[in-house]
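Dropping a structure here in C-alpha cells format, bear with me for questions.
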Amino acid sequence: MLGFGGGEMALAYLLCLLAALGCVVYGLIKWNDMGRYGEFLEAKIEWERKDRGLKEHLP
C-alpha cells in the first residue's frame, strides 16, 4: 500500500492531505471577507471624512 508500514500511516497521510485541502477551500471562501475588522475600517474611514470636513471649516 504505497510503501506504508500499516493502515494507520496511510490514514494519517490521507487526513493530512484532506486537512490541507480544507484549509485551501476555507481560504478561498474567506479571501475578501474582512469580518469584524472590515466594520472597524469602515467606521474609521467615516470618522476621518467627518474630521477632514470639520478641519476645512475651521478659521
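Please enumerate the residues belonging to segment 26-43 that are in a helix (DSSP H, G or I) and surrounded by 10 or more Cβ atoms within 10 Å (Cβ to Cβ).
Across segment 26-43, the qualifying residues are TYR26, GLY38, GLU39, PHE40, LEU41, GLU42, ALA43.
Could you please tell me which pairs satisfy a Cβ distance under 8 Å, a separation of 6+ or placement on different chains, a first residue in segment 20-45 that is without any contact (Cβ under 8 Å) to a residue 60 or more places away in the chain, and a second residue that is in a helix (DSSP H, G or I)?
MET34/LEU41
Okay, moving on. Restricting attention to segment 3-18, which residues are among the small types (Gly, Ala, Ser) and surrounded by 10 or more Cβ atoms within 10 Å (Cβ to Cβ)?
Those that are among the small types (Gly, Ala, Ser) and surrounded by 10 or more Cβ atoms within 10 Å (Cβ to Cβ): ALA10, ALA12.
None of the figures in this text is laboratory data; all of them are computed from the coordinates on show. A quick note: this is a predicted structure, and the numbers were derived from the prediction, not measured. Virtual Cβ from ideal backbone geometry, glycine too; neighbours counted across all protein chains shown.
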